[in-house]
Amino acid sequence: MTTSTDPDLDRVAERAAAVARAFAATEPRARAAALVAVADALDRNAAELIAIAMRETGLAAPRLIGEVRRTSNQLRLFAEAIVDGAYLDARIDAADAEYVIGPRPDVRRVLEPVGPVLNFAASNFPFAFSVAGGDSAAALAAGCPVVVKAHSGHLELSRRTAEVVVEALAGAGMPDGVFQLIEGQQNGVALLKDDRIRAGAFTGSTHVGRLLADIAATRPRPIPFFGELGSVNPVYATPGAVAAEPELLQGFLASVAGSAGQLCTKPGFLFVPDDAELGGLAEAAAAVGEHRLLNPGIGRAFEERRGAVLGADGVTVLAEGEVRVDHDGQRFVTPTVVEVSVEQLRAQPDALLEESFGPLSVIVRYSDAAALPALHRELFPGNLTSTVHATDAEAGQLGELVDALAETSGRVLFGGWPTGVSVTAAMQHGGPFPATTTDATSVGTAAISRFLRGVAYQNAPEALLPAALRDDNPWGIPQRRSEAGRSNGWGGLTGEF
């Protein structure tokens, strides 16, 4: 395995391709143990890694401590998800000459790894969505070799993290070449075009993600590309909620300002009734201390977006915030919150609707709650999250709005705020375009399925079947079996596990 940038991308791709079948054949229990070994290694080296991350990203120690914990626990959760092999969805249909719709051959189906995965690391989560983050963990859990394209915003951290991962995987007995790191935008693009790469993953901007997705789709052999792009995560507050939740605005501001607004789930819009009282927001925003943005490039982009929002017609500034530039070009910012009407928002989509990656959000006043479902579908076609704040008494009036949110969002919240994504089996962190290029999830154990594909073996000799489909079941995994003579109607077969 290698932890450094190899200028010979052909060798990188060849290593990944050469080890793909051997890694795919590793027993789920062994792969799960390897994921736990990586998690333990990250925890052992956390102090060193966090110190590097603080220096490179400007993120505070408490945030990074929690992120390392999330990253290591995510690896352990994925290990739990694969250890018994149920994720392989092994299905065995025995040959049956009397099958209800005609003679049936012996057919056995299992989920197999897609092959080498290229993961473009994110800037805003230097652990949880970077070298050892969710995409890498999901691909390794699936049995796919991983090549990580390091993010330029934290190169030192990426190199050191990769060393920790590689050492842990080797110590757990995983094949050489399972995990590699490359650097440089052009190297990432070149490797994405390589036929030996069989899937891509990305977390970042809509512009870059769409470019990479188009490259993946237009290769001579197109590959799946799972890009998490931009999201504005609208929040809708009913009249009852505004009256019943005195802490509504404080919760909103905390969600907008957390980690300087550099979270993909930050609420970009809060819809409130025309007569909602917004007093105290400016004072609360002024009390938030400045925070460094991740790097000068993100800082410049935020400054430009903020200028466009503040310059839009009819915008009322509730909290102007500040942008301070130091001698290295780093931006230090405080929250900016503005207010517009629904009509102003509709009239200036270019200035107001684009994601502002930083501590900026727009409060929108509405007069007709019945118009919100159609407005949402019009303005927000694809989101990671959408949120409703309402009282129980208002729930019966919200069916159409909730339908609209479910059609356009990966996660629909009732109360609370979308920042802080729990890593669980049921979590969905994705959504319709432009939230993602492919509507899947990059958080939670369902993320593993992105890097698996179904393969059926028909009338195969026992000796040539993969372990998961053999009758002696050497891995001891669940197998859904349909035996001969057990049909009970048009394909309605009983199953045994």
Using alpha-carbon coordinates, inclination of helix 28-44 to the longest axis of the chain, degrees: 40
Tilt, helix 46-57 to longest principal axis of the chain (alpha-carbon atoms), in degrees rounded to tens, equals 50
Candidates (i) 26.8; (ii) 24.3; (iii) 23.7; which is the computed Kirkwood radius over Cα pairs in Å? (ii)
Surface share of carbon and sulfur [accessible, 1.4 angstrom probe, percent] for region 234-414: 51
Förster radius 60 Å - calculated FRET efficiency between Glu303 and Ala484, Cβ distance, rounded to 0.05: 0.30
Could you pull out every residue, at least 5 positions away or on a different chain, whose amide H is within less than 5 Å of the one on Ala199? Hs are placed 1.01 Å off N in the peptide plane, and Pro or chain starts have none. Leu118
Given charges of +1 on the Cβ of Lys and Arg and -1 on the Cβ of Asp and Glu, with all other atoms neutral, how large is the dipole of region 234-414 about its Cα centre, in debye to the nearest 20? 580
Could you give the size of the charge dipole of region 1-91 about its Cα centre, using +1 on the Cβ of each K and R and -1 on the Cβ of each D and E, expressed in debye and rounded to the nearest 20? 220
Over region 93-167, volume per residue of the alpha carbon convex hull, in Å³: 111
Taking the dipole about the Cα centre of the chain, with the C-beta of Lys and Arg at +1 and of Asp and Glu at -1, give me whichever of Gly85, Gln185, Val19 is farthest to the positive side. Val19
Distance between Cα centroids, region 12-32 to region 167-189: provide it in whole Å. 12
Taking the solvent-accessible surface of protein heavy atoms with a 1.4 Å probe, what is the per residue accessible area of region 234-414 in Å²? 41
If you take the Cα Rg of region 365-454 and divide it by 2.2 N^0.38 Å, with N the number of residues, what do you get? 1.20
Rank Val315, Leu352, Ser259 by how far each Cα sits towards the positive end of the charge dipole of region 234-414 (+1 on Lys, Arg Cβ; -1 on Asp, Glu Cβ) and give me just the farthest. Ser259
Given a 1.4 Å probe and every protein chain left where it sits, what share in percent of the accessible area of region 1-127 is carbon and sulfur? 57
Per 10 Å bin, what percent of the C-alpha pairs of region 156-246 does each bin hold, from zero upward? 13, 29, 26, 14, 10, 7, 0
Using modelled amide H (1.01 Å from N, peptide plane; none on Pro or chain starts), what sits under 5 Å from the amide H of Ile182, excluding residues fewer than 5 places away? Val148, Lys149, Ala150
With Rg and the Kirkwood Rh both taken from Cα atoms, where does Rg over Rh land for region 313-407? 1.05
Please state the charge dipole magnitude for the chain, taken about the Cα centre, from unit charges on C-beta atoms (+1 on K and R, -1 on D and E), reported in debye and rounded to the nearest 20. 1380
Below 8 Å between Cα atoms, with a sequence gap of 6+, how large is the relative contact order for region 234-414 in percent? 28
Dividing the Cα radius of gyration by the Kirkwood radius, what Rg/Rh value follows for region 185-306? 1.13
Using a 1.4 Å probe and counting only protein heavy atoms, arrange Ser205, Ser386, Ser152 so the residue with the most accessible area comes first. Ser152, Ser205, Ser386
Between Glu98 and Ala22, what FRET efficiency comes out of the Förster formula 1/(1 + (r/R0)^6) with R0 = 30 Å and r the beta carbon distance, rounded to 0.05? 0.15
Added length on full extension, which subtracts the Cα-Cα distance from 0.36 nm per residue, Asp214 to Glu320: 34.4 nm
Using only Cα atoms, locate the centre of region 427-462 and the centre of region 91-136, then give the distance between them in Å, rounded to an integer. 7
May I have the extent of the alpha carbons of region 234-414 along their three principal axes, as whole Å values ordered from largest to smallest? 55, 30, 30
Local electrostatic count at Gly171 - Lys and Arg +1, Asp and Glu -1, tallied over other residues with Cβ under 13 Å: -3
Restricting to Cα pairs below 8 Å that are 6+ residues apart, what does the relative contact order work out to for the chain? Please round to a whole percent. 19
Lys/Arg Cβ at +1, Asp/Glu Cβ at -1, dipole of the chain taken about the Cα centre: which of Thr385, Gly396, Val288 is farthest positive-ward? Thr385
Probe 1.4 Å, protein heavy atoms only - accessible area per residue of region 25-104 in square angstrom: 42
Apply the Karplus curve 6.51 cos²θ - 1.76 cosθ + 1.60, θ = phi - 60°, to the phi angles in region 385-390 and return the couplings in whole Hz, x for Gly and Pro. 9, 9, 9, 10, 10, 8
Not counting the cut sites, what is the longest span of the chain without GluC sites (Glu not before Pro) that DSSP labels loop and that have at most 16 other Cβ atoms within 10 Å? 99-246
Non-local amide H neighbours of Leu270 (under 5 Å, H modeled in plane, Pro and chain starts lacking H): which ones? Val235, Val362, Ile363, Val364
With the convex hull built on the Cα atoms of region 270-326, state its orientation-averaged projected area in nm². 5.0
Per q in 0.17 1/Å, what log10 I(q)/I(0) does a Debye calculation on the alpha-carbon atoms of region 1-121 return? -1.08
Between 0 and 90 degrees, rounded to the nearest ten: what's the tilt of helix 155-171 against the longest Cα principal axis of the chain? 30
Can you give me the Cα centroid spacing of region 322-394 and region 269-304 in angstrom? 11
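The values are calculated or read from the model by the stated rules, or taken from the named source; none is laboratory data. Just so we're clear, the structure is a prediction, and the values are computed from it rather than from any experiment. All Cβ positions, glycine included, derive from the backbone under ideal geometry; neighbour counts span all protein chains shown. Keep in mind that these areas ignore ligands, DNA and RNA; they rest on the heavy atoms of the full protein, side chains included. Shrake-Rupley method; radii C 1.70, N 1.55, O 1.52, S 1.80 Å.
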